[in-house]
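Shown next, in structure tokens, is the structure this report addresses.
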Amino acid sequence: MSLHREALTIPFWSPVEVEAALREAILHLGERRVLAYPTETVYGFGTAVDHDSVEALVQLKGRPPGKPFLLLINDPAQIARLDLHLPTYASTLAARFWPGPLTLVLRGGDQRVSPRLRGPEGGVAVRWTPHVGLQRLLAAYGEPITSTSANRPGVPPAMTVAEIVQQWPDAIHRGQLHVLDGGRLAPSRSSTVVDCTGRRARVIRPGVLSAIQLRECVPDLVGDT
């Protein structure tokens, strides 16, 4: 099984492996295809943020309408380039907890962001990932990428690339899915999600960061974790 996995995936563990994987991964994103990659929590699927790329991810994942994808960044300047609005309290949270397990839901980006990336209330979820290899990929690519967990409906998110290979062998063989192998990931809680589209920050999904930690920066935060 290990030989089969190695033939279908690209090593993405050591700094040398990460550097060697960048060119092909970036070309794959440029072809509007789907990339599988390790994150700080689980393996994810992602694409470029243009309409055709996002639709390729929708088709691969079998994503129903109304369930958006989030965006991964490695530089807050990318938020401004997408015309997303970062209110003062969101900037305070980002300065304290990014890169890290905090996802901010932002308004704006009407002309720059695919509707598929918007939640039911119109916000766009953004996180600056602390995963070192993924940060390097994002820096080399220079743009945000989409992100969703690498699993079929009803199946737990993948913690190894073997699980991805098992579930999507045809997509990998067709070249539709390019898989970066960052090893077995350690179990961890998901990021805390904070809605920043209103006048006050509001926790909408509990996660690693507690409300107590967040209120150290934003005392009038709504919700709990």
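Quick one: H4 ticks every box in (1) out of contact with any His (no Cβ under 9 Å at 6 or more places or on another chain); (2) at pLDDT 95 or above; (3) open to solvent by 10 Å² or more (accessible area, probe 1.4 Å); (4) not charged (D, E, K, R) bar one, so which box is it?
Among (1) out of contact with any His (no Cβ under 9 Å at 6 or more places or on another chain); (2) at pLDDT 95 or above; (3) open to solvent by 10 Å² or more (accessible area, probe 1.4 Å); (4) not charged (D, E, K, R), H4 violates only (2).
List the pairs whose first member sits in the stretch 50-66 and is in contact (Cβ under 8 Å) with a residue 24 or more places away in the chain and closer than 24 Å to L27 by Cα, whose second member is open to solvent by 60 Å² or more (accessible area, probe 1.4 Å) and not in a loop (DSSP other than H, G, I, E, B), and whose Cβ atoms are under 7 Å apart, counting only residues at least 6 apart or on separate chains?
Matching pairs, first to second residue: V54/R116; V58/R116.
Exactly one condition in (1) among the acidic types (D, E); (2) out of contact with any Leu (no Cβ under 9 Å at 6 or more places or on another chain); (3) open to solvent by 70 Å² or more (accessible area, probe 1.4 Å) is false for E143; which is it?
With respect to (1) among the acidic types (D, E); (2) out of contact with any Leu (no Cβ under 9 Å at 6 or more places or on another chain); (3) open to solvent by 70 Å² or more (accessible area, probe 1.4 Å), E143 is out only on (2).
Could you check A80 against (1) within 21 Å of G207 (Cα to Cα); (2) open to solvent by 20 Å² or more (accessible area, probe 1.4 Å); (3) of a type in the set (A, V, I, L, M) and say which number it fails?
Here A80 clears every test but (1).
Residues that are in contact (Cβ under 8 Å) with a residue 24 or more places away in the chain and within 16 Å of D75 (Cα to Cα): find the helices (runs of 4 or more DSSP H) completely inside the stretch 88-200 holding 1 or more of those. Let's see the steps before the verdict.
Numbers: elements: 88-97, 132-141, 161-167, 169-173.
So the answer is 88-97, 132-141.
Assess whether L117 counts as being modelled with pLDDT of 95 or more and under 22 Å from V54 (Cβ atoms). Lay out the reasoning, then the answer.
On the way: modelled with pLDDT of 95 or more: no; under 22 Å from V54 (Cβ atoms): yes.
No: the conditions fail for L117.
The values are calculated or read from the model by the stated rules, or taken from the named source; none is laboratory data. As the structure is a computational prediction, the values presented were derived from the model and not from experiment. Please note: Cβ atoms are built from the backbone with ideal geometry, for glycine as well, and neighbour counts cover all protein chains shown. Heads up: the accessible areas ignore ligands, DNA and RNA and are worked out on the full protein's heavy atoms, side chains in. Shrake-Rupley method; radii C 1.70, N 1.55, O 1.52, S 1.80 Å.
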